[in-house]
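Q: My questions all concern the structure below.
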Amino acid sequence: MNRITFACQLLLEYMEANTGLFSDASKLFQSFVMRLSLGKNMANPISTFCNAL
């Protein structure tokens, strides 16, 4: 699987795991990009929410 396809899959999973935790899509995407670049656990909505504050 190439990197773009894998990143898209991760984004979709991240969006599903974090439904309702962000006030708008841009904040969700910014959080995703940050976590992707840092290699953080993408499926932990609690830590995602805390980091988005």
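The values are calculated or read from the model by the stated rules, or taken from the named source; none is laboratory data. Treat the numbers as computed from the prediction; the structure is a model and nothing was measured. We place every Cβ from the backbone using ideal geometry, glycine too, and count neighbours over all the protein chains shown. All accessible areas refer to the heavy atoms of the entire protein, side chains included, with ligands and DNA or RNA removed. Shrake-Rupley method; radii C 1.70, N 1.55, O 1.52, S 1.80 Å.
Q: I want to confirm something. Restricting to region 7-22 and keeping residues that are in a helix (DSSP H, G or I) and over 16 Å from Leu38 (Cα atoms), which single residue is least open to solvent (accessible area, probe 1.4 Å)? Steps first, please.
A: To start, the set of residues in region 7-22 that are in a helix (DSSP H, G or I) comprises 7-17.
Those left that are additionally over 16 Å from Leu38 (Cα atoms): 8-9, 12-13, 15-17.
Details: Cys8: 73, Gln9: 73, Leu12: 116, Glu13: 95, Met15: 87, Glu16: 145, Ala17: 38 Å².
Out of the qualifying residues, it is Ala17.
Q: Confirm whether Leu28 is touching a helix residue (DSSP H, G or I) at 6+ places or on another chain (Cβ under 8 Å) and either exposed (fewer than 12 other Cβ atoms within 10 Å of the Cβ) or at pLDDT 90 or above (or both). So that I can check it myself, show each step before the final result.
A: On the way: touching a helix residue (DSSP H, G or I) at 6+ places or on another chain (Cβ under 8 Å): yes; either exposed (fewer than 12 other Cβ atoms within 10 Å of the Cβ) or at pLDDT 90 or above (or both): yes.
Spelling it out, Leu28 is indeed touching a helix residue (DSSP H, G or I) at 6+ places or on another chain (Cβ under 8 Å) and either exposed (fewer than 12 other Cβ atoms within 10 Å of the Cβ) or at pLDDT 90 or above (or both).
Q: Then there's this: Do you know which of the residues in region 31-42 that are open to solvent by less than 70 Å² (accessible area, probe 1.4 Å) and small (Gly, Ala, Ser) is modelled with the highest pLDDT?
A: For region 31-42, the residue satisfying everything is Ser31.
Q: What's the number of the only condition in (1) modelled with pLDDT of 60 or more; (2) under 8 Å from the mean Cα position of the chain (by Cα) that Asn2 fails to meet?
A: (2)
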